[in-house]
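Asker: Take a look at the following structure, please.
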Amino acid sequence: MEELIREAEGARAGAYAPYSQFRVGAAIETESGEVFRGCNVENASFGLTICAERVALAAAVAAGHRRFRRIAISTRAEVPTPPCGACRQVLAEFAPELEVLSDAGELRQLWRLDELLPVRFALKRAGRDGTHDDGRMDG
Ligand code: THU
């Protein structure tokens, strides 16, 4: 876990946060032990900002991964911050039981994703939950 926190901290260096000045780094670990990094990427049209967690997840999925063990988040907030609601839903698509560790420098907090998002939106079709088993929503 220490290593994953260091990765998240390294990712924070890339944060583009000129509007909020709140820099976030994330590192997600796949079931196979690989690590993908993300940082927040803000936009002048504020609503288009992307959180660090979703950037890390998208990088991992783009590289072919669909199973994840944990994610570390690094900030310099006063207290460790959990992922926002949108990120919880996006992470739960692939890993509803993900371990979520937030590191704010002095303080750390660990949650399980299903504690942060007990009920996620999912499409159930033909008696099966299309999410996160094979990663495909249709077919
Ligand atoms: N942000 C993240 O990157 N992750 C979170 O979990 C919450 C918020 C970013 C979005 C925005 O760039 C800044 O932090 C302030 O909300």
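Asker: Can you send over the solvent-accessible area of CYS84, 1.4 Å probe, protein chains only, in Å² to the nearest 10?
Answerer: It works out to around 50 Å².
Asker: Ratio to report: Rg/Rh of the chain, with Cα atoms as the point set and Rh obtained by the Kirkwood method; give two decimals.
Answerer: Numbers: Rg = 14.8 Å, Rh = 15.1 Å.
Ratio of gyration radius to Kirkwood radius for the chain: 0.98.
Asker: Between helix 85-94 and the chain, what is the angle of the helix's C-alpha long axis to the longest principal axis, kept within 0 to 90° and rounded to the nearest 10?
Answerer: 50 degrees
Asker: Any idea what angle helix 52-62 forms with the longest principal axis of the chain, computed on alpha-carbon atoms, 0 to 90 degrees, nearest 10?
Answerer: 50 degrees
Asker: Given Cβ point charges of +1 (Lys, Arg) and -1 (Asp, Glu) and nothing else, what value in debye, to the nearest 20, does the dipole of the range 1-40 about its Cα centre take? The partial results should precede the final answer.
Answerer: Numbers: 4 positive and 7 negative charges, 73 e Å.
My answer is approximately 340 debye.
Asker: Quick one: Karplus J couplings for the range 70-82, per residue in order, coefficients 6.51, -1.76, 1.60, θ = phi - 60°, nearest Hz, x for Gly and Pro?
Answerer: 7, 10, 10, 10, 10, 9, 10, 6, 5, 10, x, 9, x
Asker: For the range 40-62 and the range 17-34, what is the separation of their Cα centres, given in Å?
Answerer: Taking the Cα centre of each part, the range 40-62 and the range 17-34 sit 9 Å apart.
The values are calculated or read from the model by the stated rules, or taken from the named source; none is laboratory data. These numbers come from a predicted model, not from an experiment. With ideal geometry, Cβ positions are generated from the backbone for all residues, glycine too; neighbour counts draw on all protein chains shown. SASA here: full protein model, heavy atoms, side chains in, ligands and nucleic acids out. Shrake-Rupley method; radii C 1.70, N 1.55, O 1.52, S 1.80 Å.
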